[in-house]
1. Out of the residues in region 45-67 that are assigned to a loop (DSSP other than H, G, I, E, B) and in contact with a helix residue (DSSP H, G or I) (Cβ under 6 Å, 6 or more places away or on another chain), state the one that is farthest from residue 7 (Cα to Cα).
2. Against the conditions (1) at pLDDT below 90; (2) assigned to a loop (DSSP other than H, G, I, E, B); (3) under 25 Å from residue 4 (Cβ atoms), where does residue 180 fall short? Just the number, please.
3. Just to be sure before I move on: is residue 218 out of contact with any strand residue (DSSP E or B) (no Cβ under 9 Å at 6 or more places or on another chain) and over 27 Å from residue 286 (Cα atoms) in the structure I sent?
4. Of the residues that sit in region 112-149 and are closer than 24 Å to residue 75 by Cα and not in a helix (DSSP H, G or I), which one is nearest to the chain's Cα centre (by Cα)?
5. Identify, from the list 42, 34, 28, the residue that is touching a residue at least 24 places away in the same chain (Cβ under 8 Å), touching a helix residue (DSSP H, G or I) at 6+ places or on another chain (Cβ under 9 Å) and in the same structural domain as residue 176 (by TED's automatic domain parsing).
6. For the condition part of a strand (DSSP E or B), loosely packed, with under 12 Cβ neighbours inside 10 Å and modelled with pLDDT under 90, what is the one hit in 306, 248?
7. Determine whether region 156-163 contains at least one residue that is on the phi > 0 side of the Ramachandran plot, surrounded by 18 or more Cβ atoms within 10 Å (Cβ to Cβ) and at pLDDT below 90.
8. Restricting attention to region 208-223, does a residue exist that is farther than 21 Å from residue 303 by Cα and either part of a strand (DSSP E or B) or at pLDDT 90 or above (or both)?
């Protein structure tokens, strides 16, 4: 896979704070590459250095073979950028914003067709301040795609959006891949990274602590599903510890989480069946029993010892 982005030993400090520490990676042509981590991990600083919006203290960066700072003028027509914190004048209409941005480039897509594809055609004459959060993000995507870029940067694209708007934006990002574009996105939503990304770099305290496909990162956990229930009384949970397929058990208040061991061959029965049989035989009363598959959130927890975000039930 031809590298579109090449980063080698990138570092950036702010005063006494080391925001990015010797970060190195490549992004291949046509892939959706994700950088995930908590707020303050260094994601935005990294992406802004790659975009040429910030100057790195040390290390080398090449984007489409160009230095993003020294060769910014040559690079700008080839990339599209959606910033984490962006705003337009409140009274600027959708069509006015697109018409204005189109004037910045020698070549642009037909923005009338673009807003049709992005579901903004009926908002053509609507002022920016009257757009919903999801509509504003679609407009920023339209502005980022206006010059038909080979590479698109998306920084915390769906922060603050409701579940419906978030999933609509995900569909738009997947469409970019189908058009042959390379996408570099940052997010603190592990579900978002798992859904969209071909490869994911997990950033913690300015360092990359893991980089691989979501599937390989998850399979490296060596755990299978989780069984979760609320203990309401009676019996004993001791028998659960004797189940050979149980990796560990966590007590979280009245909630019990049982982690199953990864099994290369298909087990005779699901772990949840074994758990229910033990609880029933011991006379344990329980409610809200459910199973969950391991995900990128578990990967982050195993690497850092803390959870990135609350599990969502969207």
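The values are calculated or read from the model by the stated rules, or taken from the named source; none is laboratory data. All of these numbers come straight from a predicted model, not from anything done at the bench. Don't worry about glycine lacking a Cβ; one is built from the backbone with ideal geometry, like all the others, and counts go over all protein chains shown.
1. Among those that are assigned to a loop (DSSP other than H, G, I, E, B) and in contact with a helix residue (DSSP H, G or I) (Cβ under 6 Å, 6 or more places away or on another chain), it is 54.
2. (1)
3. Numbers: out of contact with any strand residue (DSSP E or B) (no Cβ under 9 Å at 6 or more places or on another chain): yes; over 27 Å from residue 286 (Cα atoms): yes.
Considered against the rule, which asks whether it is out of contact with any strand residue (DSSP E or B) (no Cβ under 9 Å at 6 or more places or on another chain) and over 27 Å from residue 286 (Cα atoms), residue 218 comes out as yes.
4. This residue is 149.
5. 34
6. Checking each option against the conditions leaves just 248.
7. Yes; the residues of region 156-163 include at least one that is on the phi > 0 side of the Ramachandran plot, surrounded by 18 or more Cβ atoms within 10 Å (Cβ to Cβ) and at pLDDT below 90.
8. no
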